Amino acid sequence: MSTDEQKLWEVWGRANGLYSSWAASNHINYYLLFVLYTLEGQKAMTQKKICSSTGLTKQTVNSVVRSLKEDGYIELVPGSEDRREKQIALTEKGIAYSEELITPLRELERRALRGMGSDRVRQMIDNIMLFNGLLEKEMEREI
């Protein structure tokens, strides 16, 4: 493994570890954090869109959605275009729960991003998008 490959794994793993630690310190599951983070501020989303946005598997998202539904934090509503397609929407209880958890995390992220400066943030986003696109193409070639 090259030094760049190793460093990429280290920094990617460190970022995931930071979010995992934050979730644990707030007594929630790492996957629940990502689903709530994705749903927060959205009117409604399908499980497929949540999977696409988070990179989580359908099975994982389905498990989190089931748990959130049982706790009364989300509701499943028929899609506007295809009523068979269920949209996941936060309930009032879910909005309050999500804001309680996600707002402090977003503030930490905002402070970190301000510390980087807008040019570096834009470069980071562009570079991660480029890497993801190139990696996806390489993976498609292998399939």
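The values are calculated or read from the model by the stated rules, or taken from the named source; none is laboratory data. Since we're looking at a predicted model, the values are computed, not measured. Positions of Cβ are generated from backbone atoms using ideal geometry, with glycine treated the same way; all protein chains shown enter the neighbour counts. All accessible areas refer to the heavy atoms of the entire protein, side chains included, with ligands and DNA or RNA removed. Shrake-Rupley method; radii C 1.70, N 1.55, O 1.52, S 1.80 Å.
Which FRET efficiency value, to the nearest 0.05, is calculated for VAL77 and ARG114 with the Förster distance at 41 angstrom and r the Cβ-Cβ distance?
Details: r = 37 Å, r/R0 = 0.89.
The calculated FRET efficiency here is 0.65.
Rounded to the nearest percent, how much of the accessible area of segment 1-97 (1.4 Å probe, protein heavy atoms only) is carbon and sulfur? Spell out each step's value before the answer.
On the way: 3300 of 6630 Å².
Result for segment 1-97: 50 percent of the exposed heavy-atom area is carbon or sulfur.
Which length gain, in nm to one decimal place, applies between GLU140 and GLU99 when the Cα-Cα distance is subtracted from 0.36 nm times their residue separation?
On the way: separation 41, 0.36 × 41 = 14.76 nm, distance 3.77 nm.
Length gained, GLU140 through GLU99: 11.0 nm.
For ARG122 paired with MET1, estimate the spin-label separation in nm (one decimal), with each label point 7 Å from Cα along the Cα-to-Cβ line.
Spacing of the two 7 Å Cα→Cβ label points: 3.3 nm.
Label 7 Å along Cα→Cβ of TRP12; segment 41-80 residues with amide nitrogen under 18 Å?
Residues 52-57 qualify, since their backbone N sits under 18 Å from the label point.
How many angstrom lie between the C-alpha centres of segment 67-143 and segment 11-51?
The distance from the Cα centre of segment 67-143 to that of segment 11-51 comes to 7 Å.
Might you tell me the accessible area per residue for the chain, computed with a 1.4 Å probe and given in Å²?
Values: 10550 Å² over 143 residues.
Solvent-accessible surface per residue comes out at 74 Å².
Averaging sequence separations of C-alpha pairs under 8 Å and six or more residues apart, then dividing by the length of the chain, give the relative contact order as a whole percent. Spell out each step's value before the answer.
Numbers: 97 pairs, mean separation 25.2, N = 143.
Value for the chain: 18 percent.
Do the sum for the chain: with -39,500 (n - 2.57) for every DSSP H run of n ≥ 4, divided by all residues, what is the mean residue ellipticity at 222 nm, to the nearest 500 deg cm²/dmol?
Values: 6 runs with 104 residues, N = 143.
Helices in the chain give a 222 nm mean residue ellipticity of -24500 deg cm²/dmol.
What helices does the chain hold that run 30 Å or longer along their axis, going by alpha-carbon atoms, with a Kyte-Doolittle average of 0.5 or more, using DSSP H for the helix calls?
On the way: long enough: 3-25 (32 Å, -0.72); 92-116 (35 Å, -0.60); 118-142 (36 Å, -0.68).
None clear 30 Å together with a mean of 0.5.
Tell me, what is the percent relative contact order of segment 57-140, built from C-alpha pairs under 8 Å that lie six or more residues apart? If you can, show how the numbers build up before the last one.
On the way: 38 pairs, mean separation 13.4, N = 84.
Dividing the mean separation by the residue count of segment 57-140 yields 16 percent.
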